[in-house]
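Before any comments, here is the structure.
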Amino acid sequence: MRKMLLLSFALAALFSGSVLAQSFSSLEERMTEAEFKAAGLDKLSPEELARLNAFIAGETGKAASALPAATPAQDLRGFDQRTGADGSIYTSITGEFKGWNKQGQRFRFDNGQIWQITDSTSRLKVSLVNPEIIIEPGALGAWYMKVVGYNTRARVKRIK
């Protein structure tokens, strides 16, 4: 707990002021993998990391509760091949997941669907096993893929 408090103060001091303007970037996006691990952030659960990002962004209370909570895999896997009320698709990837880093990269989900990254600017570098994924509808027919517990998303299109 004390370690988290010290880390929070250090991060708040580091990222205070105008750096946190409207276009907030998560810690995963701002830091190199080595910096992320050196700070001990790789030991946080996806939910803890999402809450820390929300705190740094100044989005406490209402906004922090709006973040998707990390859901145990067995709970989320029950939603495979189903959609949420807003049309979102809840699924997962079995095995190791390293994120995405290029346009054209494809992912096969446990629900049998294959989606391809169409956004050349979005990046996510992680090392996860069996991550839960949400495919969210956007404006004008766009779709966005995100990993539960991370704020980064990539524009995607369904291949199969």
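Quick note: the coordinates plus some simple rules give every number you see, no bench work behind them. No experiment lies behind these values; they were computed from the predicted model shown. Reconstructed Cβ throughout: ideal geometry from the backbone, glycine too, with neighbour counts over all protein chains shown.
Tabulated values for the structure
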| item | result |
| --- | --- |
| Whole-Hz ³J(HN,Hα) from phi, Karplus 6.51 cos²θ - 1.76 cosθ + 1.60, for region 92-102, glycine and proline x | 7, 10, 7, x, 6, 10, 9, x, 9, 8, 7 |
| Stretch gain in nm, segment residue 142-residue 101, where the contour uses 0.36 nm per residue and the Cα spacing is subtracted | 12.9 nm |
| Under the Karplus curve 6.51 cos²θ - 1.76 cosθ + 1.60, θ = phi - 60°, whole-Hz ³J(HN,Hα) for region 103-116, x wherever Gly or Pro sits | 5, x, 5, 10, 9, 9, 9, 5, 7, x, 7, 10, 10, 10 |
| Amide H within-cut-off set for residue 144, under 5 Å, with H built and near neighbours excluded | 136, 138, 156 |
| Long-range amide H partners of residue 94 with built H, under 5 Å | 110 |
| Karplus (6.51, -1.76, 1.60) ³J(HN,Hα), θ = phi - 60°, over region 148-156, in Hz, Gly and Pro reported as x | 4, x, 10, 8, 6, 9, 10, 6, 9 |
| Residues residue 160 and residue 125, FRET efficiency given R0 of 25 Å [Cβ-Cβ distance, rounded to 0.05] | 0.45 |
